[in-house]
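Data first, discussion second: the structure below is written as structure tokens.
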Amino acid sequence: MTPEDWELWNAWVHAQRLLTRELDRGLQRECGITKTEFSVLVTLWRTPGHELRVGDLVEALGWEKSRVSHQLTRMEARDLIAPARSPSGRRTGISLTSQGRSIVQDALVVHGDNIRRHFLDSLTPSQTTAIRSWAEQTIERIEPGR
């Protein structure tokens, strides 16, 4: 790689780190949740019935099962999620609580506003097109047929 290539790479990594930090801080400050909690809540929010089997959540998030399990324990203690049960009482998965639904609805607005302010508003239409194209190509190259 050339020195210019390294400069581009380092600038991209630094910008990504700063953007992620600011978005994470916004979720903490304005919604009282972590990025990890947000990821779980949004995944459940986007599923019909706001309920998933744990294995499906593991797959959707791309995390290790033990990480998901520990995260769910913490979130259940905060009343953000609850075990979903069949009519017979058997645990079938997890679902959002009313508090979890309320928080994720607020967090989607807050996070969207922060994404707009810290990322989208500074892009020109041609930059937006270039970033979208690069991102889609990268995803297809690394995860073909995703």
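Some values worked out for this structure:
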| read-out | value |
| --- | --- |
| Candidate set from the range 85-106 (those that are in contact with a strand residue (DSSP E or B) (Cβ under 8 Å, 6 or more places away or on another chain), farther than 19 Å from E30 by Cβ and not charged (D, E, K, R)); member that is modelled with the lowest pLDDT | S86 |
| Subset of the range 80-118 (residues that are charged (D, E, K, R) and either out of contact with any His (no Cβ under 8 Å at 6 or more places or on another chain) or closer than 30 Å to A15 by Cβ (or both)) | R85, R90, R91, D106, D113, R116, R117 |
| Count of the range 27-41 residues which are open to solvent by less than 90 Å² (accessible area, probe 1.4 Å) and touching a residue at least 40 places away in the same chain (Cβ under 8 Å) | 8 |
| Some residue of the range 119-134 being over 30 Å from A15 (Cα atoms), of a type outside the set (F, W, Y) and open to solvent by 50 Å² or more (accessible area, probe 1.4 Å) | no |
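Results for (1) surrounded by 13 or more Cβ atoms within 10 Å (Cβ to Cβ); (2) assigned to a strand (DSSP E or B), shown as yes or no for each residue.
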residue: E4; (1), (2): no, no
residue: W9; (1), (2): no, no
residue: R25; (1), (2): no, no
residue: M75; (1), (2): yes, no
residue: P83; (1), (2): yes, yes
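The values are calculated or read from the model by the stated rules, or taken from the named source; none is laboratory data. These numbers were taken from a predicted model, which means no experiment stands behind them. We place every Cβ from the backbone using ideal geometry, glycine too, and count neighbours over all the protein chains shown. With ligands, DNA and RNA removed, areas are computed over all heavy atoms of the protein, side chains included. Shrake-Rupley method; radii C 1.70, N 1.55, O 1.52, S 1.80 Å.
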